[in-house]
Structures are given as structure tokens and as C-alpha cells.
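See structure below.
Computed from the coordinates by the stated procedures, all read-outs in this text should not be read as laboratory data. Computed from a predicted structure; not experimentally measured. With ideal geometry, Cβ positions are generated from the backbone for all residues, glycine too; neighbour counts draw on all protein chains shown.
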Amino acid sequence: MATFTFAQAATRLLQCNRDLILAQTSIVSAQADVQTADRSPNPTLTIGSAYINPQSGIGAGPLYQKQVDWQARIDHPAERGNKRGLRTAVAESALHATQWGVAETRRQQQLALATAWINLWSAQQRIKVLTALEGLYQRTQDAAQTRLRVGDIAANDLVRISVDTQHAQNDVQQAKVELARAQFDLAAMLAMEAQASALIASEAWQTLATPLAPEKLELLTAGRPDIQAARAQLDTAKAARDLALSQRTRDLTFGVQLEHYPAPAGIGNSISVAVSMPLFVRHYNDGEIARAEADFTTALLALRKVEQLAFADQQRLAVEWQAAAARADRLKFQLLPMVEKMVANAEFAYKKGSVGVFDLLDALKQLRQMQLDALTARADVEKADAAVRAAVLNVAAADESPFSSSFFINSGN
């Protein structure tokens, strides 16, 4: 058996989760884009020859005496308007957005891990409850057989109890199927598919003792990775807009040329220089600038949308959390003890012959349903707890591990 604590599962997730590994590669690509952007254009070397007479040939002697005209030219573009700095700023902002995007992926994967963990623990507890209930049905069937032998009950009563006992056995088998499904879901997140059937959750989810105050929820939500990523994307769009505007500043290209015109017709060696620049005759980069403005507006609206959805989400989750906790408390501390006491009384009375089989079976069915409802309610509370803590998760830097095991276990203390 591969028994895990949640802290161990969270550590393995960060190391082995395929979605996280894939997301990390995007950071490498963004870093390469920064390296590419922070460079000036390379100069261009041009070498050419002219006036080669095929009849007289190129003449005798060393190369410098050949009767061939040739030119060697170097052209070097010089960017103006801080284009290199703005281009680098675009790439760096995009890198920051990518890093925060990876942090958001980690947050989502950790929340999915929490859900898978809760499902696995609940499936384990469900088997325990149903197995204990199956034993209770079996004891009831044994008591019924004893009463049947002395003629205290009818044979049909024993048949009814036997049918419900088999139903309880079927419930245990179905719970084992649900356990296998929960094991595979967790194993897939941890890249442990081959060991899925051996995965065991060693501890329950540790919920927070009290809900977070609304003002603390709003403060924490502002630093979530998805909001930080949207802000970085807005910075990227702003830098891209500035870069588009800088295209209206003309770049210059400086050229230096060495020319060789051999005697007797030529004048020997000479040097020439040149400067070239674009002429804004056809357009003034209006389309590029308009597109950059539109992208900036889109990024700004996207940030506002992410912020509003995040704040609305944390408020909704807080309400759901409180409702789930209230329901779980009623089941655990009020309804379940009452039903357990009722079943104990019914079982004792049935053995003494004071009640009929229908009363006993009805009590057992209520106990089974109440125990399963209590398990479901507890899982709902734990999932709501994880969702609320994910909704208010913020980290200081994009490379900080959001949703670490310590955050799950200790935050809110």
C-alpha cells in the first residue's frame, strides 16, 4: 500500500504533475523571447564585383593587381525611439504574465488535488460505514434465524432481512468501485497510474476552524495568481502600445563602402559613406498603432473582469461554505445520534420480540441513509473549505508555490 499524507501528495504533485511540467516549459520559451528582444539588429556585409571584361580577362599578378572592380560595404541599422528597450519591456512583461499563469495552473492543480484527496478519504470512510452496516444486517439476520428456529417469526421475515443484507453487501461492493475510481483520479494527478489501486489517504482534510472575515477575503483575493497574471498582461499590452507608437520614429541605416577601381581605367581605392531612412509616404503605421490600442483596451477589460469574478467567487464560496458547515453539524450532532439510538433500541427490542421485522429494517435503512448523508455533508464542507482557501490564495512572487501543504493545513490559525 502507498499511504500518503496530504503534504506528501502536494510535494509529489509539484514534482510529477504532467500539467505543471508542461506549463513550466512556457516559461523557458518566454525567457528566450526576452533574450531575443534585447538585441540590436545585426549589421549587413555586402561584397560585389563589376566590369569584368571576358575578352581581356582579369589580368596577371596578385589579387590587388587584377583588372577587376570590387566593392565591400557594411550597413548598420540604428534603432531610434527606444525600440530595443520597449521591445524588451514587452517580452519581460509577457514573461511575468507567463510566470503568473504557471502559478495559476499550480493553484488550480492543487485545488484539484484537494478535491481528489477528499473524494478518496470519503470513499475510504464510506466503505467502513457500509461494512459496519453490513455487519449489523448480518447480526440481525443471525438473530432472525434463531427466532425462526423457535417459531417466533415467520419465514418471510427472515427472507426480507436476508434481502436487505444482500443489498448491504452490494452497497459495499459499489463503494469499493467508487474507491477505485477515487484512487485512479488521485493517481493520475500524481503520475502514479500503475500504483493507483494501492493509494491510501492517511488523514482527513483539515478544515479551517472559523470562516475568514469578508474584509480579509477581499484583501487576500486581490493577490491571487490569476489576477496577477491579468495585470502582467495589461503591462504587456501597454508596452506593446508604446512600441507601436515608437515605429513613427524613423530608424537610420549607416553604410560604409570600400571601393577598388584598378588602373589604368580606375582611380584605385576609395571610401564612400551613406545614410538611409524610411519615407512615410504610403502609411504612418496607423494600423499597427490602432491594433495595439485595441489590445490594450482588451487587456484592461479582461483585468477588470477577472477581478470582479474573483471577488464574486470568494463571496459565493463563503456562503456555500457556511451553509455546508451548518448542514454537516446538524447531521453529525443532532440527527445521526438520534438515529443511532433508535437503531440500538430497535435491534434490542427485535431480539426480545417486542417489535416486528419491518420496524427494525426501517430503522436500519434510516441509519444507513443518515450515515451516508453525514459523510457526504462532511465531504461538501471539506470541498467548500478547499475552494474558499483557493479563492483567497495569494502569493508574494510568481515562483512561490501557491497552495502549499502548509497553506492547507495551517492557514487561518
Looking at the chain only, what percent of DSSP beta bridges run antiparallel? Nearest 5 please. 90 percent
Residue 323-residue 191 pseudo-label distance in nm [points 7 Å out on the Cα-to-Cβ vector]: 4.0 nm
Based on the mean of other Cβ atoms within 10 Å per residue, sort peptides 144-154, 359-369 so the most packed one is first. 359-369, 144-154
From the cross-link list 176/352; 128/351; 176/383; 128/341, the entries with a Cα-Cα span beyond 29 Å are 176/352
GluC sites (Glu not before Pro), loop per DSSP, at most 14 other Cβ atoms within 10 Å - longest free stretch of the chain: 1-202
The size of the Cβ-based charge dipole (Lys, Arg +1; Asp, Glu -1) of region 298-377 about the Cα centre, to the nearest 20 debye, is 20 debye
Among rounded, prolate and oblate, which fits region 82-198 when a ≥ b ≥ c are the square roots of the eigenvalues of its C-alpha gyration tensor, a/c under 1.5 means rounded, and a/b larger than b/c means prolate? prolate
Most fluctuating residue of 192, 277, 342 in a GNM of the chain with Cα springs under 10 Å: which is it? 277
For the chain, longest principal axis from Cα atoms; helix 336-352 axis from its Cα atoms; angle between them, nearest 10 degrees, is 30 degrees
Can you give me the relative contact order of the chain as a percent, contacts being Cα pairs under 8 Å and 6 or more apart? 26 percent
The chain: angle of helix 225-246 to the longest principal axis, Cα-based, in degrees nearest 10: 20 degrees
Could you compute the FRET efficiency for residue 249 and residue 312, with r as their C-beta to C-beta distance and R0 at 35 Å, rounded to 0.05? 0.20
Fluctuation leader among 190, 13, 258 - the chain, Gaussian network, Cα springs under 10 angstrom: 258
Virtual spin-label span in nm between residue 162 and residue 279, 7 Å along Cα→Cβ: 10.5 nm
Label of the coordinate-derived value, Rg/Rh (Cα atoms, Kirkwood Rh), listed as (i) 1.33; (ii) 0.98; (iii) 1.03: (i)
Could you give the angle, 0 to 90 degrees to the nearest 10, between helix 6-16's Cα long axis and the longest principal axis of the Cα atoms of the chain? 30 degrees
Using the 2.2 N^0.38 Å rule of thumb for compact globular proteins, work out how region 105-166 stacks up: its C-alpha Rg over that value, please. 1.94
Extension gain (nm, one decimal) between residue 170 and residue 71, 0.36 nm per residue minus Cα-Cα: 26.4 nm
How far is it, in nm, from the label point at residue 146 to the one at residue 300 when both lie 7 Å from their Cα along the line to the Cβ? 8.2 nm
Quick one: putting +1 on the C-beta of Lys and Arg, -1 on the C-beta of Asp and Glu, what dipole do you get for the chain around its Cα centre, in Debye to the nearest 20? 180 debye
Total charge of the residues flanking residue 150 in space, meaning their Cβ is under 14 Å from its Cβ, with Lys and Arg +1 and Asp and Glu -1, is +1
Just tell me which lysines come within less than 23 Å, Cα to Cα, of residue 83; anything on the same chain fewer than 8 places away is out. 238
So which residue, out of 224, 107, 139, gets the largest mean-square fluctuation from a GNM of the chain using Cα contacts under 10 Å as springs? 139
Treating the beta-carbon of each Lys and Arg as +1 and of each Asp and Glu as -1, no other charges, what is the dipole magnitude of region 237-355 about its Cα centre, to the nearest 20 debye? 860 debye
